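Visitor: This is the structure, below, for whatever I ask next.
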Amino acid sequence: MEVVVTNENFESLKNGSQPLVVDFWADWCGPCKMIGPIISQLAEEYDGKLTVAKCNVEECEDIAVEYGIRNIPTILFFKNGEVVDRMVGAANKVALQAKFDANL
């Protein structure tokens, strides 16, 4: 299940017990809409192994700025509160799944 990132819950998500995957997106972004359903599928498939979250860059601008999000979609992978990997741009399910596996 996906979690929605807010300014209030981001720190607790980032420092949670499971690795965190954050999809930075916006309503007007075509590539974001393209990968959204794939991210949702992967969130279900990796439930219990990873926390998958979606962060709307317009609603959480401070978080996007803090992590240098200049292009969307951008997916950040966190472990122990630190960014360990990133993926910029749209990708197919196989590529996204490979990144998820690499960051378990």
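The values are calculated or read from the model by the stated rules, or taken from the named source; none is laboratory data. Owing to the predicted nature of the structure, the values given are computational and were not obtained by experimental measurement. A quick note on method: Cβ atoms are made from the backbone with ideal geometry, for glycine too, and the neighbour counts reach across all protein chains shown.
Visitor: Identify, from the list Asp62, Asp27, Asp47, Asp23, the residue that is under 11 Å from the mean Cα position of the chain (by Cα) and among the acidic types (Asp, Glu).
Guide: Working: Asp62 fails: under 11 Å from the mean Cα position of the chain (by Cα); Asp27 fails: under 11 Å from the mean Cα position of the chain (by Cα); Asp47 fails: under 11 Å from the mean Cα position of the chain (by Cα).
On inspection, the qualifying residue turns out to be Asp23.
Visitor: From (1) out of contact with any strand residue (DSSP E or B) (no Cβ under 7 Å at 6 or more places or on another chain); (2) closer than 21 Å to Asn9 by Cβ, pick out the condition that doesn't hold for Ile38.
Guide: With (1) out of contact with any strand residue (DSSP E or B) (no Cβ under 7 Å at 6 or more places or on another chain); (2) closer than 21 Å to Asn9 by Cβ applied to Ile38, the lone miss is (2).
Visitor: Just to be sure, is Cys60 touching a Ser or Thr at 6+ places or on another chain (Cβ under 8 Å) and at pLDDT 95 or above?
Guide: In short, yes.
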